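This report concerns only the one structure given below.
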Amino acid sequence: MTTTAPKKSVRTVCEELRVLNSAADDANLNNLLNWLTPEFWTLAVGSIGNITTVLVLLGWVNRGQAEELTKIVTALIGATQVIVLNTALLWKYLSGRQQLRAQLLDAKYRYMETVTLEKLRELRY
């Protein structure tokens, strides 16, 4: 006699998917899913070195040019990383300032609303 596992209800499956999706969103908020890590850039530079070696073996680049080519490409990758990171920092700063401005306006609005309601209450009594 075999027993089968009870079927899950649609609500149970939806709830499990919601929890998994929430966990993935939380992981992404902590930049765990960000692929532009220092390890990625190290891998990219290493790959460029390997590609240069292959180009030398194929005869498309001579040995004298290979070292110079590797230095140039490594410098380009480093410069790209600096530009990307500085752009991201600037965007983060500007968006943070915009959020702060919106929060201040919201706080002022709530304060004015509270003061107005208190004055209206005073007028009633």
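Among the residues of the stretch 24-34, is any in a helix (DSSP H, G or I), of a type in the set (A, V, I, L, M, F, W, C) and at pLDDT 75 or above? Don't jump to the end; show me each part of the working.
If we filter the stretch 24-34 for residues that are in a helix (DSSP H, G or I), which is where we start, we get 24-29.
Imposing the further condition that a residue be of a type in the set (A, V, I, L, M, F, W, C) reduces the set to 24, 27, 29.
Applying the additional criterion that residues be at pLDDT 75 or above yields none.
For the stretch 24-34, residues in a helix (DSSP H, G or I), of a type in the set (A, V, I, L, M, F, W, C) and at pLDDT 75 or above: absent.
Looking only at the stretch 88-100, decide whether some residue is over 30 Å from S22 (Cα atoms), of a type in the set (G, A, S) and either touching a strand residue (DSSP E or B) at 6+ places or on another chain (Cβ under 9 Å) or surrounded by 10 or more Cβ atoms within 10 Å (Cβ to Cβ) (or both).
Looking for residues that are over 30 Å from S22 (Cα atoms), of a type in the set (G, A, S) and either touching a strand residue (DSSP E or B) at 6+ places or on another chain (Cβ under 9 Å) or surrounded by 10 or more Cβ atoms within 10 Å (Cβ to Cβ) (or both), one finds none in the stretch 88-100, hence no.
The values are calculated or read from the model by the stated rules, or taken from the named source; none is laboratory data. For clarity, every value in this text was computed on a predicted model and none was experimentally measured. We place every Cβ from the backbone using ideal geometry, glycine too, and count neighbours over all the protein chains shown.
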